[in-house]
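The values are calculated or read from the model by the stated rules, or taken from the named source; none is laboratory data. Just so you know, these numbers come straight off a predicted model, no measurement behind them. All Cβ positions, glycine included, derive from the backbone under ideal geometry; neighbour counts span all protein chains shown.
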Amino acid sequence: MKEVRKFHGIIPPAITIFDSKGEIDGEKTKKFIRYLIAEGVHGIFVAGSTGEASLMTMEQRKEIIDIGVKATEGEVPVFAGTGHNSTRITVELSKYADAAGADAIIVSLPHYPRPLGEGLYQHYKAVAEAINIPVFVYSWPGQYGYSMEPEMVARLAADGYIKGIKDTHEDIDHTAEIIRLTKGKITVLEGYESKLLPALCLGADGSICTIGNLIPAEIVEIYNLFKSGKIEQASEQQLAIFPLINLLATRHDSQLLKESIKLLGHDVGNALMPTSKVPPDIMEKVKEELKKLGRLR
């Protein structure tokens with residue numbers, strides 16, 4: 001086993017850039033990841049929901065893992081999304097990520113068919129026993145229809161099968177209970193950017209947040225201010241980005257995010273189908289918020 005370490009900070013779930021035929025544009029994706037690193041992020045998560053992994057072929061899922069490892073060049077940790085409803089396929093993708101050089105994998109909850117508690121435990125146990133890098137749980141009830149309960153997180157952590165969790169739960173009490181039960185032994189990453197500062201105050205280690213693709217430096221600043229003990233300034237920054245967070249939350253595909261990133265001059269293409277055009281009035285509101293943050297004139 002590789003030495004296990006706790007991770008921390010702001011880890012954007014990096015977008016994947018596709019060409020007009022739906023193939024991954026490796027060079028543009030690497031360039032964008034390099035931009036995020038230059039903005040000060042503490043890690044990169046590829047093949048996540050924001051990266052549109054659920055719409056990729058198996059070959060593309062492996063390709064984006066390779067791209068992420070090459071793009072980070074060892075400067076920051078790279079997390080690879082390897083979750084699948086099938087344990088067998090999850091293990092296959094996880095082994096690939098391990099061999100490719102990822103620092104950890106993030107495994108979303110299998111949700112169709114939805115496993116019972118013991119089935120969920122055995123799913124993560126099988127993945128952990130197949131690889132030599134840390135396993136993170138990705139719990140998002142808004143997407144998967146259920147969450148991994150804190151007691152199950154604590155059990156898997158105590159047995160050594162998971163080393164962290166991305167907890168994307170509407171109720172921050174859920175995240176707080178995970179932190180309480182695991183007692184700092186695993187990395188806890190908040191999934192909602194709107195709850196970043198409250199989660200840090202409760203003992204979370206950082207965040208995997210979609211908006212980190214759009215305003216990475218501003219999100220990193222919240223984390224850095226908190227770590228420096230400047231809670232009031234961190235609070236001001238958190239409150240300043242709430243309107244932009246709420247705008248991005250109006251869409252569940254990646255098209256609005258990509259259109260917003262284009263406003264800042266990045267050539268990131270379009271989201272994979274199924275998706276739809278973003279209404280002009282929404283884009284105007286995004287422009288106004290980016291102007292307020294000093295990202296646009």
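Points worth noting:
- For residue 126: the one exception among (1) touching a Gly at 6+ places or on another chain (Cβ under 9 Å); (2) in a helix (DSSP H, G or I); (3) more than 20 Å from residue 54 (Cβ to Cβ): (1)
- Extreme residue, surrounded by the most Cβ atoms within 10 Å (Cβ to Cβ), among residues of the stretch 44-61 that are under 12 Å from the mean Cα position of the chain (by Cα) and on the phi < 0 side of the Ramachandran plot: 46
- Annotation note: Cβ proximity below 7 Å between a residue of the stretch 55-67 that is at pLDDT below 95 and a residue that is of a type in the set (D, E, K, R) (sequence gap 6+ or interchain) occurs for no pair.
- For residue 121, the conditions (1) in contact with a helix residue (DSSP H, G or I) (Cβ under 8 Å, 6 or more places away or on another chain); (2) assigned to a helix (DSSP H, G or I); (3) within 25 Å of residue 211 (Cα to Cα) are fulfilled apart from (3).
- Boolean, residue 49 is of a type in the set (Ser, Thr, Tyr) and either part of a strand (DSSP E or B) or touching a residue at least 40 places away in the same chain (Cβ under 8 Å) (or both): yes
- Of all residues in the stretch 5-33, those that are on the phi < 0 side of the Ramachandran plot and surrounded by 15 or more Cβ atoms within 10 Å (Cβ to Cβ) total 20.
- Every pair of residues 6+ apart whose Cβ atoms lie under 6 Å, when the first sits in the stretch 253-265 and is closer than 13 Å to residue 282 by Cβ while the second is assigned to a helix (DSSP H, G or I): 260/286
- The listed residue being in contact with a His (Cβ under 9 Å, 6 or more places away or on another chain) and modelled with pLDDT of 95 or more, out of 175, 210, 168: 175
- Residue count for the stretch 231-277, restricted to those that are modelled with pLDDT of 95 or more, at negative phi, surrounded by 14 or more Cβ atoms within 10 Å (Cβ to Cβ) and assigned to a loop (DSSP other than H, G, I, E, B): 6
Each row is one residue, and each column tells you yes or no for (1) in a loop (DSSP other than H, G, I, E, B); (2) surrounded by fewer than 22 Cβ atoms within 10 Å (Cβ to Cβ); (3) over 14 Å from the mean Cα position of the chain (by Cα).
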| residue | (1), (2), (3) |
| --- | --- |
| 63 | no, yes, yes |
| 69 | no, yes, yes |
| 74 | yes, yes, yes |
| 79 | no, no, no |
| 83 | yes, no, no |
| 89 | no, yes, yes |
| 93 | no, no, yes |
| 96 | no, yes, yes |
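- Boolean, residue 161 is over 16 Å from the mean Cα position of the chain (by Cα), surrounded by 17 or more Cβ atoms within 10 Å (Cβ to Cβ) and not in a loop (DSSP other than H, G, I, E, B): no
- The set of residues in the stretch 158-215 that are of a type in the set (S, T, N, Q), out of contact with any Lys or Arg (no Cβ under 8 Å at 6 or more places or on another chain) and within 19 Å of residue 146 (Cα to Cα) contains only 168.
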